[in-house]
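Data first, discussion second: the structure below is written as structure tokens.
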Amino acid sequence: MKIKSFYNAVFGIGTEIFYAVVIILAAFLICIAAYFFNYDS
Amino acid sequence: MILKPQLQDLKNIGYYSGKIIIGVGLTMLVPAVIGLLFAEINPALDFLIATEITSIIGLILTKLCFTEEDLNWMQGMIVVSLSWVAAMLLGAIPLYLSGHWGSYLDACFDVMSGFTTTGLTLVQDLDHISYAHNLWRHFTPFLGGQGIVVIALCFFVKGVSGAFKMYVGEARDERLLPNVIDTSRFIWLVSIVYLILSTLVLGIVGIANGMKTANAFFHGACIFMAAFDTAGFAPQSQNILYYHSLLFEVITIVIMFLGAMNFNLHYHLWTGNRREIWKNIESRALCITLLFTFLITLIGLNQVGSYPRAVIMFRKGFYQLISGHTTTGYMTIYARQFINDWGALALAGLICAMAFGGGSCSTAGGIKMLRLGIIVKALQQDLKRIVSPEPAIVEQRLHHLKEIFLEDKQVRAALLITLAYLVLYGIGALVGMFYGYPFLDSLFESTSAAANVGLSCGITTPGMPAGLKLTYIVQMWAGRLEFMSVFTLIGFFIAAIKGR
């Protein structure tokens, strides 16, 4: 039972960090898109 | 008819406030020990003096007002609002004794800013402050973010019923576990686990960037406490700009996200319900509002052409935006650059992000994602009602930890608190304009204070008028407690004067 709680907590932390990283990557892609948009104009 | 408060009311309020004050006094021993470890005798003495004064006041209150009665709702709310004021007044003693704050009011401002996880600061010569005082600056958000009362609940309060009333008074209306004391302990478990992990990671990055080992881990711990608790304090006056590291900035963004996340969501994720993060109305609302405000900011910044390269746009534009949205207040630019380099549209995007804030039952401030989600869902429901045939019953659901049917009382509560926040932002902006600051600057700083953000466009300096300092202190306090406890305290004073 304790092993399962530990496993859940570790994967929970992993999910939280993954969520943040997905948003960071999305923001970075938007910045790159904005750069190319500006460059073309 | 308004009833005058009775002696028993005062005894209950005094007794429980005394317990919380003792708790605050004991927490000041941590920077005292750090001071002794770094051979800083005078700073350690500052904290020992403050601990002694605080503990004596707390002990006198608990002895004079000793009671075995549990708190009722009104008393619980008043204990919370008064405890926060007492924590500010007493927590400011060691800062004032250090000589780095121009006046006792300035020290109070910084302590309230810390406890409410705001991050605005009036410290002078921050780069030469002692380790002990610097730790206390970062420790205050760590205590206030989780909740001063939550600390007391973990260690001092036995009555579960009264404990819940104080817990709610501190703007935490969600219980993670059936017992509110177990809830408080889980909140601390999450914070301590992330403290250890993040200090290690930030410390290693600091060492890789050339910092000395002890300094790197000290900075790591301080930065974590201020980032996770969505306060904007940093050990150096240049804030995050001091580190000049993209990796450091990305790690702090991740920590800011973790801090702006509802503790209930942490609980669900940590207990195996990992899909909740993709279904929860708060995490979805955060993605949408972030995208919306970032696009406004991006267009505004592109118009003025301040950050032409993608990496710079990310490190300057997105970083300030995410820092504002999670109500942290970390900065990778200088304060006046907001006014000189950003332009009105980009600032408007950032002000919106600050006003929206982070998750409910988190360490973040602002209107909160759950309230925005409820308001949007209510709007959807009304639109559906208009287009549906008249006898149709239109139900609206939202997913927050479980499927919930939207009720009018939830919409009413969300709208009332949102309105209160908007009024608070507006009042602060008016006071700023009264002192001669331009509208946009005043609105920016006022929103930053009331939503407990901590970004500054340069108004918050030791030289600003005392009236404005007091206004921001009240804004930070009312914004952090989400009004109910503050309104109850005002009602209590009115009852004491006018009641029969």
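Tabulated data for the structure shown
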read-out	value
Listed residue (B:141, B:444, A:6) projecting farthest to the positive dipole end of the protein assembly as shown, Cβ model	A:6
0 to 90° range, to nearest 10: angle between helix A:2-40 axis and chain A longest Cα axis	0
Magnitude of the charge dipole, the stretch B:221-300, Cβ model with Lys/Arg +1 and Asp/Glu -1, debye to 20	280
For the protein assembly as shown: rounded, prolate or oblate by the Cα gyration tensor [a/c cutoff 1.5]	rounded
Percent breakdown of C-alpha pair distances by 10 Å bin, ordered from the shortest bin, for the stretch B:423-470	30, 65, 5
Nearest-20 debye value, the protein assembly as shown charge dipole, Cβ charges on Lys, Arg, Asp, Glu	860
Residues in the stretch B:93-121 reached by a label modelled at residue B:49 [backbone nitrogen below 16 Å; 7 Å Cα→Cβ]	B:93-105, B:107-108
Förster radius 25 Å - calculated FRET efficiency between residue B:236 and residue B:341 (Cβ-Cβ, nearest 0.05)	0.70
Compactness of chain A - radius of gyration and Dmax, Cα, Å	17.9, 60
Estimated dipole of the stretch B:408-500 in Debye, rounded to 20 [Cβ of Lys and Arg +1, of Asp and Glu -1, Cα centre]	420
Cβ-Cβ FRET estimate between residue B:430 and residue B:4, R0 fixed at 35 Å, reported to 0.05	0.55
Selection from B:189, A:26, B:105, by position along the positive dipole direction of the protein assembly as shown (Cβ)	B:189
Label point distance in nm, residue B:423-residue B:56, each placed 7 Å from Cα along Cα→Cβ	4.1
Cα pair count fraction exceeding 37 Å, expressed as % - chain B	26
Sites residue B:127 and residue B:385, calculated FRET efficiency, Cβ-Cβ separation with R0 60 Å, nearest 0.05	0.50
Neighbourhood net charge (15 Å Cβ-Cβ; Lys/Arg +1, Asp/Glu -1) for residue B:500	+1
Residue B:244 versus residue B:291: modelled label distance in nm, points set 7 Å from Cα along the beta carbon direction	3.7
Value of relative contact order over chain B, rounded to a whole percent, pairs C-alpha under 8 Å and six or more apart	18
Members of B:4/B:469; B:11/B:368; B:279/B:368; B:384/B:409 lying beyond 23 Å, as alpha-carbon distances in this model show	B:4/B:469; B:11/B:368
Burial ordering of B:291, B:3, B:195, B:481, fewest other beta-carbon atoms within 10 Å first	B:3, B:291, B:195, B:481
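Bear in mind these aren't lab numbers, they're just calculated from the coordinates by the rules spelled out. Note that the coordinates shown come from a computational prediction; the quantities given were computed from them, not determined experimentally. Positions of Cβ are backbone-derived with ideal geometry, glycine not excepted, and every protein chain shown enters the neighbour counts.
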